[in-house]
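S.K.: Sharing a structure with you now.
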Amino acid sequence: MLVPVIAVLLATGMGATAVLGGLDQVSDPPPAALGPGDTLDQGQFATQFVESKFVAVPPPNRFTKEKRLIDLVFKVTNLGEKTVQVGSPPAPGRRSSFFTFFGGSVLRTEPEIESRSGGTGMVPTRGGTESRQLHPGVPATVVLRYELDQKARVPDELVLHMGSFEMQERFPSKVAEWTSLMEEAGQKSYAPVVVAKVTLPVERGEA
């Protein structure tokens, strides 16, 4: 009966210690290494990584300054049964500890994007308007937009640390909902699991 138990432990990614002559402890698999055009199964979302681009927006008048933007562009399909908000990523320099929206699953960028205001999530629509919703089963272009600080350097590439979602029952209601996939990160503390690291060159684009 020992072999099935070991098999279960290995399948869960928790690892197993030697029982019959000694197996080394098996660690969780490393984050997937992805790039432009690749798709990540995030549980709640199927996410394709389209591009990252820098855009300089000329000032509309002499009283304002040029805006310097970095856009992270995705093609996202909501695999759930409910319409959900896009959400926004955590502000640069702040690590996400818990998230429930797509935007929050971009846990951090490497290097950190130099933006005091952080990123804003949106779904551009026809006519120049914006939506903040992801409808079930409908592929949508999602943009996470950061306004760079005036003196910030534009990186040549960004590595996105991506989280994922799992279905869990809320306590005490026992209602099942999508929530961030977490792992132990010390005594009585948890952190989001980085399931993929996505390398995107920063292209120069137009507003």
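The values are calculated or read from the model by the stated rules, or taken from the named source; none is laboratory data. Just so we're clear, the structure is a prediction, and the values are computed from it rather than from any experiment. Cβ atoms come from the backbone with ideal geometry, glycine included; neighbour counts cover every protein chain shown. Keep in mind that these areas ignore ligands, DNA and RNA; they rest on the heavy atoms of the full protein, side chains included. Shrake-Rupley method; radii C 1.70, N 1.55, O 1.52, S 1.80 Å.
S.K.: Take the Cβ-Cβ distance between Lys197 and Asp149 as r, set R0 to 25 Å, and report the resulting FRET efficiency rounded to the nearest 0.05.
M.R.: On the way: r = 25 Å, r/R0 = 0.99.
The calculated FRET efficiency here is 0.50.
S.K.: Now for a different question. Cα-based Rg of the chain per 2.2 N^0.38 Å, rounded to two decimals?
M.R.: On the way: Rg = 20.0 Å, N = 207, 2.2 N^0.38 = 16.7 Å.
Normalised by 2.2 N^0.38 Å, the Cα Rg of the chain equals 1.20.
S.K.: What is the sum of charges around Ser88, taking Lys and Arg as +1, Asp and Glu as -1, for the other residues whose C-beta is under 12 Å from the C-beta of Ser88? Don't jump to the answer; show the numbers that get you there.
M.R.: Working: positive: Arg94, Arg132, Arg145; negative: none.
Once positives and negatives cancel, what remains is +3.
S.K.: Next question, about the same structure. Please check the chain for the longest run free of trypsin sites (Lys or Arg not before Pro) that are loop-located per DSSP (anything but H, G, I, E, B) and have at most 13 other Cβ atoms within 10 Å. The partial results should precede the final answer.
M.R.: Numbers: sites that count: Arg62, Lys65, Lys82, Arg94, Arg95, Arg116, Lys151, Arg153, Arg170, Lys174, Lys188.
After excluding every exposed loop site, the longest remaining stretch is 1-61.
S.K.: Report the semi-axes of the equivalent ellipsoid for segment 95-207 in whole Å, largest first, where each axis is √(5λ) for an eigenvalue λ of the Cα gyration tensor.
M.R.: Values: eigenvalues 158, 87, 28 Å².
Each semi-axis is the square root of five times an eigenvalue, giving 28, 21, 12 Å.
S.K.: Starting at the first residue of segment 66-79, write each ³J(HN,Hα) from the Karplus equation 6.51 cos²θ - 1.76 cosθ + 1.60 with θ = phi - 60°, in whole Hz, x for Gly and Pro.
M.R.: Once θ is set to phi - 60°, the couplings for segment 66-79 become 4, 9, 10, 10, 10, 10, 9, 10, 10, 10, 10, 10, 6, 8 Hz.
S.K.: Test of understanding: what is the full-extension gain from Thr100 to Ala56, defined as 0.36 nm times their sequence separation minus their Cα-Cα distance? Could you put the intermediate results ahead of the total?
M.R.: On the way: separation 44, 0.36 × 44 = 15.84 nm, distance 3.12 nm.
12.7 nm is the gain from fully extending Thr100 to Ala56.
S.K.: A 31 angstrom limit on the alpha carbon distance is what I want to check against. Which of Lys53/Lys188; Lys82/Lys197; Lys151/Lys188 exceed it? Mind dumping the intermediate values first?
M.R.: Numbers: Lys53/Lys188 39 Å; Lys82/Lys197 27 Å; Lys151/Lys188 40 Å.
Correct reply: Lys53/Lys188; Lys151/Lys188.
S.K.: Given the rule -39500 (n - 2.57) for each run of at least 4 DSSP H residues, summed and divided by the residues of the chain, what is its mean residue ellipticity at 222 nm, to the nearest 500 deg cm²/dmol? Write down the numbers at each step before the final one.
M.R.: On the way: 1 runs with 10 residues, N = 207.
The helix contribution divided over the chain gives -1500 deg cm²/dmol.
S.K.: As a test, work out the antiparallel percent of DSSP beta bridges whose residues both lie in the chain, rounded to the nearest 5. Spell out each step's value before the answer.
M.R.: On the way: 49 of 56 bridges.
The antiparallel fraction comes to roughly 90 percent.
S.K.: Now for a different question. How big is the charge dipole of the chain about its Cα centre, in debye rounded to the nearest 20, if each Lys and Arg gets +1 on its Cβ and each Asp and Glu gets -1 on its Cβ?
M.R.: On the way: 21 positive and 23 negative charges, 172 e Å.
So the dipole magnitude of the chain works out to roughly 820 debye.
S.K.: Moving to a separate point now. Take the alpha carbon atoms of segment 172-207, find their center, do the same for segment 46-88, and report the distance between the two centers in whole angstrom.
M.R.: 18 Å
S.K.: Helix 2-11: angle to the longest alpha-carbon principal axis of the chain, degrees 0 to 90, nearest 10?
M.R.: 0 degrees
S.K.: When the accessible area of the chain is computed with all protein chains present and a 1.4 Å probe, what percentage of it is carbon and sulfur?
M.R.: On the way: 6710 of 12560 Å².
The C+S portion of the solvent-accessible surface of the chain is 53 percent.
S.K.: Let me ask something additional. Towards the positive end of the charge dipole of segment 32-204, with charges on Cβ (+1 Lys, Arg; -1 Asp, Glu), say which of Gln42, Gln168, Leu158 has the farthest Cα.
M.R.: Selected residue: Leu158.
S.K.: Let me check something: with ligands and nucleic acids excluded, how do Met122, Met182, Met167 order by accessible area (1.4 Å probe), largest to smallest?
M.R.: Numbers: Met122 15, Met182 55, Met167 100 Å².
Descending accessible area places them as Met167, Met182, Met122.
S.K.: Residue by residue through segment 124-137, which ³J(HN,Hα) values in whole Hz follow from phi under the Karplus form 6.51 cos²θ - 1.76 cosθ + 1.60 (θ = phi - 60°), with glycine and proline marked x?
M.R.: Once rounded to whole Hz, the list reads x, 10, 5, x, x, 8, 10, 10, 10, 10, 10, 8, x, x.
S.K.: Residues of segment 51-101: accessible area per residue at 1.4 Å, in Å²? The partial results should precede the final answer.
M.R.: On the way: 3040 Å² over 51 residues.
So segment 51-101 comes to 60 Å² accessible per residue, rounded to a whole number.
S.K.: With labels modelled as points extended 7 Å from the Cα through the Cβ direction, what inter-label distance (nm, one decimal) is found for Ala91 paired with Gln187?
M.R.: 3.1 nm
S.K.: Need one value: the accessible area of Glu183 in square angstrom, 1.4 angstrom probe, rounded to the nearest 10.
M.R.: Glu183 exposes around 80 Å² with every protein chain in place.
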